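Written below as structure tokens is the structure these notes are about.
The values are calculated or read from the model by the stated rules, or taken from the named source; none is laboratory data. Computed from a predicted structure; not experimentally measured. Cβ placement follows ideal geometry from the backbone for every residue including glycine, while neighbour counts extend to all protein chains displayed.
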Amino acid sequence: MNIKGNKTLNLLLLDDRCYVTGLNNSDLAPGPQYYNPGGKCAYVTMLDENYSFVTSDVELAESWLWQDFKTYKTIFFTGLVNYSNNDIGVVEYAYSETVAYPFSQEPFISSTEHRVFLRRYGPELASYDTVELHPTLNRNDGPILISDIGDIFWCHWVWDTNEHWIYKYNSDASAVYWIKSFGLYTEINDMVFGPDQDIYSTGNIINSDNAFLAKVNPDGDLLWEIQWGEPHLAGADQLFIQDNYIYVTGRFTGQVDFDPGPGEWLETNETFESNAFLAIFDLEGHFQSAYTWGTGGDVKPEGLVVAEDGTVYVTGTFTGVADLAAGDALDYRISDDYYPERSDAFLYRFDF
């Protein structure tokens, strides 16, 4: 299944409901005072068990507000997580820039503001409460987790050292329990709790072009880490744990050995665009198998869930003409346009 004119960013499956966050390219605007050239809106959407639309909350993602000066506003929903009572948490990154226009002078930037919030919605997305997280300098901040007692684990990007720091907050983000680093050039794209409440994370090692999978204890101490990607390029985006297995999705180019251990599992992408992969490991990081798809187009997985029966769902975006079938089967799809801002979304289902 693919959805025209959308970019999905996160996917969450709960009982008979599915939640998706992303960007919409339609011409939505809240009023005539806004000029919205891209027509982009940030959204969180609820679907039913048949993946039919139920409800949505939408915010204008990019806008100009004209007064004596003009303010440029950007909003992204960059994280999606569930609370123990089935409330939904959405991370909101907000950036605003005010530009003044004095007479006979060039325009100048008078102020900028970066803020990160955690929105807590009820299951029906009817309303939300907000807490503010650590100030940020960009929207490259990473994933978020909520423990059973409401503690918040959130990844914050540090520009000076090119790495993610993990913050542990109390439930209303008024206190920080600890801050831990995974090391220089480590970009964390997703993290989940394991069966023993240890934290598993995945992402990229920027200076080596490798993907990684790591496990830390509840105090943030590293227990183990594995990497894969050589001899070419791999990047991991999402992970999910179900029935004592770890599922990881991401992108790769060239030829990649997906087995970080002494074995070998080679997959080849002969195009210049990114293909998608799904790799499976046990809870100690031992490689099990891998699947790839996307030949011909630029494919990026951005959401992953595994149902209790083992069915795997992957959502993401693609541009151009892409084969969205894994293995030897063929299923070529054409996106709405060949430009990244006009990518189409896809929902992929694996039945093992």
Please go through the stretch 77-94 and give me each residue that is modelled with pLDDT of 75 or more and part of a strand (DSSP E or B), ordered by number. Phe77, Gly79, Leu80, Val81, Asn82, Ile88, Gly89, Val90, Val91, Glu92, Tyr93, Ala94
Go through the stretch 286-301 residue by residue and tally those that are more than 20 Å from Glu225 (Cβ to Cβ), modelled with pLDDT of 75 or more and among the polar types (S, T, N, Q). 2
Enumeration of residues in the stretch 221-243 that are in a loop (DSSP other than H, G, I, E, B) and either under 21 Å from Val305 (Cβ atoms) or in contact with a helix residue (DSSP H, G or I) (Cβ under 8 Å, 6 or more places away or on another chain) (or both): Asp243
Could you please let me know if Glu264 is without any contact (Cβ under 8 Å) to a residue 24 or more places away in the chain and touching an Asp or Glu at 6+ places or on another chain (Cβ under 8 Å)? yes
Being at pLDDT 75 or above, surrounded by 11 or more Cβ atoms within 10 Å (Cβ to Cβ) and on the phi > 0 side of the Ramachandran plot narrows Leu133, Leu125 down to just Leu125
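Consider Lys168 carefully, then state whether it is at pLDDT below 90 and either more than 28 Å from Trp265 (Cα to Cα) or small (Gly, Ala, Ser) (or both).
Details: at pLDDT below 90: no; either more than 28 Å from Trp265 (Cα to Cα) or small (Gly, Ala, Ser) (or both): yes.
Taking the combined requirement at face value, the residue does not satisfy it.
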When only residues in the stretch 6-50 that are part of a loop (DSSP other than H, G, I, E, B) and at pLDDT 75 or above count, which is farthest from Pro123 (Cα to Cα)? Asn50
Would you please name the residue that is surrounded by the most Cβ atoms within 10 Å (Cβ to Cβ), looking only at residues in the stretch 292-301 that are touching an Asp or Glu at 6+ places or on another chain (Cβ under 6 Å) and not in a loop (DSSP other than H, G, I, E, B)? Pro301
Criterion violated by Ser274 - all others in (1) under 24 Å from Thr78 (Cβ atoms); (2) surrounded by fewer than 21 Cβ atoms within 10 Å (Cβ to Cβ) satisfied: (2)
Regarding the stretch 282-291, can at least one residue be identified that is touching a Ser or Thr at 6+ places or on another chain (Cβ under 8 Å), crowded, with 20+ Cβ neighbours inside 10 Å and either of a type in the set (Ser, Thr, Tyr) or within 20 Å of Thr202 (Cα to Cα) (or both)? no
Restricting to the stretch 234-246, name every residue that is buried (at least 23 other Cβ atoms within 10 Å of the Cβ) and at pLDDT 95 or above. Ile246
Test Ser181 against the criterion of being under 23 Å from Val91 (Cα atoms) and either out of contact with any Lys or Arg (no Cβ under 7 Å at 6 or more places or on another chain) or assigned by TED's automatic domain parsing to the domain that holds Gly285 (or both), and give yes or no. yes
If you go through the stretch 265-283 one residue at a time, do you hit one that is part of a strand (DSSP E or B) and small (Gly, Ala, Ser)? yes
Criterion violated by Asp190 - all others in (1) in the same structural domain as Val58 (by TED's automatic domain parsing); (2) charged (D, E, K, R); (3) surrounded by 13 or more Cβ atoms within 10 Å (Cβ to Cβ) satisfied: (1)
When every residue in the stretch 203-220 that is among the small types (Gly, Ala, Ser) and not in a strand (DSSP E or B) is compared, the one surrounded by the most Cβ atoms within 10 Å (Cβ to Cβ) is Gly220
Failed condition for Glu62, given (1) modelled with pLDDT of 65 or more; (2) surrounded by 15 or more Cβ atoms within 10 Å (Cβ to Cβ), with all others met? (1)
Report, ordered by the first and then the second residue, all pairs with beta carbons closer than 6 Å, sequence separation of six or more or different chains, a first member in the stretch 1-24 that is within 20 Å of Ile75 (Cα to Cα), and a second member that is buried (at least 19 other Cβ atoms within 10 Å of the Cβ) and at pLDDT below 50. Gly22/Asn6; Gly22/Lys7; Leu23/Lys7; Asn24/Asn6
